[in-house]
Every structure is written in C-alpha cells, then in structure tokens.
Amino acid sequence: MKSDKKQQKRISRREFVRGAGMGAAAIAGALGLPAINTEAQQRAAGIPQKWDLEADVVVLGSGATGLPAAIRARDAGASVILVETNYEVGGHGILNGGQVPLGGGTSAQKKHGIKDSPDLLFQDLTDWSVVETNGMPEYRFNDRGVQRALADNEAQAFEFLLENGVVFADIPPGGGGGHAIGISAPRENYAKWDKGQSAESPRGGGGAGIYRPLEASARSKGVRFLLNYHMDAIFRESPASGRVLGIQASYTPKFLPGSSTPMKSFRSDGNIQMTALTVTVKAKKAIIVATGGSSGNVNFRRIFDPRLTEELQLAGEPFSTQDASGEIAAMAIGASLWGTANQTLERNGAIRKRDLVGAQYLYAGWMPDSPVFPLARATGLKVRDWQTLILVNQVGKRFYDETAEGWPYGTHYGFLKPYNQGDWRNARRIKYAPNNFQDAALAPNEGSVVPDFSAGPTWAIFDADAVKREKWDVRPPFTDPLFFFSANALRELAAQIKKNPFTKVEMPGANLEATVARYNAIVDFGYDPDFEKPTPKYKIQTPPFYAAWASLEIHDTYAGLRINMKCQVVDMKGQVIPGLYCGGESAGGCSQHGQGRCITQGYIAGNQAASEPSWDEKL
Ligand SMILES: Cc1cc2nc3c(=O)[nH]c(=O)nc-3n(C[C@H](O)[C@H](O)[C@H](O)COP(=O)(O)OP(=O)(O)OC[C@H]3O[C@@H](n4cnc5c(N)ncnc54)[C@H](O)[C@@H]3O)c2cc1C
C-alpha cells in the first residue's frame, strides 16, 4: 500500500500528458518510456479511461502456471490479482494425477542418490536423436532457450513447491518424467490425494494435493482472486507497440442445471466480490498469461491439426476448458505463435483413446461426489477388456484393432537401453510400433462431408452378454441418454444414434448389420483379416444391443505463444512485448507433457514480472 503522501504526489500519466503542453511521444521519450497515447487516442484504441481494479501483476488463470506465478510475484513484493474464469481455482492442474516431472538436481533426487543436473536435463530436452516408437521426434522441435530456462529452474521450482506446502510421497522419483524416451534420470514426483472427489477436489486426483496447498499459500500471502471472470482483451499502449496496460474481463458464473445460484469456490478468503458484467483491471507492472492452452477451441486447435473437429472432447471438461483466449488476446496485440510442430507430432498423449465409454466426458471419470457431476451427467462404463466390443465410425464400420494402444505416452526413463544423449544409434534401438489407432479414428469415411470431411464420432458396439461379462450397470448415472443407446435390433440401434448432438450423418443400419455379421464370422474363424485384432473372442449376438460414445479425447496443448527464456511474450518481429509474460500450455516451444514445465514457467514468469517497472509510478 502506498502512503497518502505518495498518493498525493502521484499524478496520472494522462493528466501529466494533458498538462504538460508537449507531445505525448516527446514526454514519453524524455522519460525513457514507450510512446504513450493521448486520451483521444486511448479512447479510439479502446483503452479504458477508468480501471475498476488494479495490481502490480495481473495473472490470468489459476492453474499449474498461474498459482506459482502469483505466489512468486507476491513473494517478490508485487501486489497480485489472479483472474480466473472458473468458479474455482486450479484449472487442469487440480484435476490431474499429481505426478510432477521436475528434475535437474532436486532435493528428492539428491536424497535418493539420483544424479541429475541442469545440463543433463537441458541435453535431454533438446536431444535431436530421440524418436518415439511411432518414429515421431520427441524433442527435436523444442525452442532451445525455453528448454534451457526450464532446465535451469526446475530444481528451484521443486523446492518452491515444498516451501509452499506441497507434500510429495517420500519415495524415489520415478521414471515417467514427462512421458518421453530420452530421459537420463528419474524425475517424476508424486503428490497424493486419498480423499476422493468432492468440492475440495473435483476429480479426486493428486493435483488437489498440489494446488490446494498453493492456493492456501497464495491466499495467506495476500494474492487476491477474481473468480468467475474471463479475460477477453489485453490493452496495450497501441495495437502493435508499447507496453501492456491491463485487461478487460467479463462475468462468467457457472450454474448447475436447474439452478440459478452460481457455483461457489471451496475457499473464499481473498476473493474479490464483483458481479459487474465487465471489469477492467490495470496491471501496473505486468500481465501473465496462464490460461492453459487452446485445445478446447475447435477453430484454434484446427490451425495445428485440421482433423480435430468438434466431436473430440477435452480432458478437463466440464470443469475447466482451454479456449485459446490467452493466445487470441495476445495475438491481437502482436504476439507470435511458436513451436507449432510440437502440436502436430503424434506422440506424448496429445490425443488419447480412453478406457471409458457411454458418456460425453470420458477422460476424468467423473463421480457423483464431484461438484461438476451434474454437468458431466454420467460416469461412463469402464472397459476392462477391449475384446468385449467393437469400435465403429460414424457410418457403422470398424476401422482398427480395438485392443490397440494409441500414440505413445507411456515411454519413460529406462525404455531405451542404453540411452546415450545425442547418439545417432538411439533411433536404431527403438522397437518401432505403428501406434496409429488415432489416425484411423480420425480418417475420412463415407460419412465425411463438406466442408470439413470430419471423421465424426466413434461408437462402441456390444451386446447383452458383454454387459454381463464386464458387470456393467448401463443405466444413468453410469451412462448418458444422449451418448448411450440400446435397441433389440442393430438397424434400430443405428437409427437411435442420430439423437446424439454430435451426429451429423445417420449411421446406415445395413452397414452396422454387415459389420457385426462380419465380426461374428471373424470370431468363428479365429483370425481378423481386416485389422488383425489378436484372437477375436466374443460375438455380438444377444439383444439388446448397445452403442456407447467412444470418441477420442484431446489432452494437451503443445504449441502456443512465443516466449523467451524469461517467459516474456515475443511478437511477430521478434521483439518482446513489454510487460507481457506467458507460461504453461499457452506457451510454445516445449514438447514436455504436464505440469512440470507449467509450474517452472509460472515460477520464472512470476519472478520476472515482479521486477518490471511500474508504469504509472514512473511519473
Ligand atoms: C485429467 C488430467 C490429468 C492430468 N494428469 C497429469 C499428471 O498426473 N501429471 C502431469 O504432469 N500433468 C497432468 N495433466 C496435465 C497438467 O495438469 C496440465 O498440463 C497443466 O495443468 C496445465 O497448466 P496450465 O497452467 O497451462 O493450465 P491449467 O492448469 O488448465 O490452468 C489454466 C487456468 O486458466 C483459466 N482460464 C482459461 N482462460 C481464461 C481466461 N480467458 N480468463 C481467466 N481465466 C482463464 C482456466 O479456467 C484454468 O483454471 C493432467 C491433465 C488433466 C486434464
């Protein structure tokens, strides 16, 4: 807080410019500031004449990047407002499994005798010689500066988590470490959560064991939370030059079906209470984009991969989405995208085949205890044995071996024996596997029509015997009536599917009948000449027959805004946008899966943002 004396002394930049009788640009130049607009210019550019709220650092998003960024900036003495569109903090972070890939010489690695260093980590993260089991390069297209910054800061970020209340299982770090092949040391740490799904932990995963302690720390240190507000625009002095000034956000309360009361966060201390439809927040030092990526925005994600049409759902929904708003707002003021190849390389679990069917949201396994269950509507049915069913495309045809895995994301430390950094022989040591279930699922078929030639949804087809084998209860809330259908005849079943909101073409009943008849013959024959499903076991013959939603889920965003080693956002001319920072899944140049990079970039960005000059106090 500033003293009254200081407040009196301070005159706004606008008043200064108006009173001085000289050109704004000249004044700014004399003061070593970027050119400032006149009031009329500001109005024309849409820059607010009045700010509803202000802080030194405004963090956009309260997930794996935003919470560390906010704490770090506050630790460095900055006042911080964290703007979050959701009713609750945590984003994808609080939903996650609590596995945290952080290495480079952490205290946990040292304690368990694991040798690691920033140099070793950097070499791993930029090793050109590593390819995944489907031949896709893991690290080749990373930005080397961004990786160096990660390598140099990961161990510190790990200690920062401990200092802010996160407790990890006291076991040696594991081999996952971001799910890649070229890993020279075990780097995965495990935060635990054994209390299940609840308002405190919407998905009941280990992520709550990380982000609840970080939230508590942020609140106790004085970070203020503006929940239920979606950042829509970032203001910059002029559209393509000058520093960032603040943001505009709109009110986005979340309601459960049939309720007119907005959902409430688990904790409320430190929440800023507002219900205005739009608010402006001045950022005196910096803005940190920590909005979690773009994979929930159909048009934006199709910039990278045109196959990803609307039927593909997103792993964190319906709790938290990734709508590309951070990227779009930053691009509107000149920011560049970066490292886009990483998004299209078919590896690292970017798009996943799930082992749940029959509900819209198949990733999280939403249970009735979760506060978002009324939005998720169904738990889904867990598939224990892929022999029990067939998968068909939107026109009722099989497209791949149902038991197949998808793109690789389960590879790890020790997978490549031996792994020698930068050794061309690494690629020779890979046991290549096609792993292209996803490609087949996304391929055009007879139902693909103009303009997108979308592959459409994938359906699991099975019969009453399968329900018994898997011990499924197929009634709601285990299944969703718009994503799960049954009928006594296959033709009738195919006709039911058109009730699904993502179904664009009617599945021909004759196709489904022919597919099932052929599959039953394949079971009798004992060999699958179409897709070589190993020893197909069960016929689909006992009514009722079922069709359960089984479409792919998108998991990660691997491309985003161009940043440098300080997490400053860089524009299309290669220049830093003063005061603008980004980290996590909204940042580009990094192929590493998961929260390790997000936490580390939040840590870096928070640190840097707090050290920016304050633009209105300079006068
Ligand atoms: C189910 C699941 C399990 C996972 N398991 C693991 C795991 O075990 N280990 C691992 O390392 N990684 C895991 N991940 C991935 C990891 O959680 C993410 O990579 C990480 O959370 C991304 O961090 P982020 O800060 O970029 O985005 P998020 O954590 O998603 O945070 C972004 C936040 O920004 C908010 N936001 C978005 N737009 C706006 C806007 N315009 N204005 C205001 N707020 C906005 C969002 O609501 C969200 O709260 C998992 C992810 C999911 C979904």
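The values are calculated or read from the model by the stated rules, or taken from the named source; none is laboratory data. The structure displayed is predicted, hence computed values, not measured ones. For neighbour counting, all protein chains shown are included, and Cβ atoms are generated from backbone atoms with ideal geometry for every residue, glycine included.
Scanning segment 57-99 for residues that are within 6 Å of the ligand (Cβ to nearest atom) and either outside the structural domain of Arg203 (by TED's automatic domain parsing) or of a type in the set (S, T, N, Q) (or both) yields a count of 6. Here Val372 fulfils each of the conditions (1) surrounded by fewer than 23 Cβ atoms within 10 Å (Cβ to Cβ); (2) within 21 Å of the chain's Cα centre (by Cα) apart from (1).
A residue that is under 26 Å from the mean Cα position of the chain (by Cα) and either in a loop (DSSP other than H, G, I, E, B) or touching a residue at least 40 places away in the same chain (Cβ under 8 Å) (or both) can be found somewhere in segment 443-450.
For segment 91-105, the criterion of being outside any loop (DSSP other than H, G, I, E, B) and over 20 Å from the mean Cα position of the chain (by Cα) is met by none of the residues. Filtering segment 56-77 to residues that are outside any helix (DSSP H, G or I) and buried (at least 24 other Cβ atoms within 10 Å of the Cβ) leaves Val57, Val58, Val59, Leu60, Gly61, Ser62, Gly63, Ala64, Thr65. In this structure, does Gln601 turn out to be over 15 Å from Ala286 (Cβ atoms), buried (at least 23 other Cβ atoms within 10 Å of the Cβ) and touching a Gly at 6+ places or on another chain (Cβ under 7 Å)? In short, no. Mind checking which residues of segment 206-232 are near the ligand (Cβ under 9 Å from one of its atoms), under 18 Å from Ser265 (Cβ atoms) and part of a loop (DSSP other than H, G, I, E, B)? Across segment 206-232, the qualifying residue is only Gly207.
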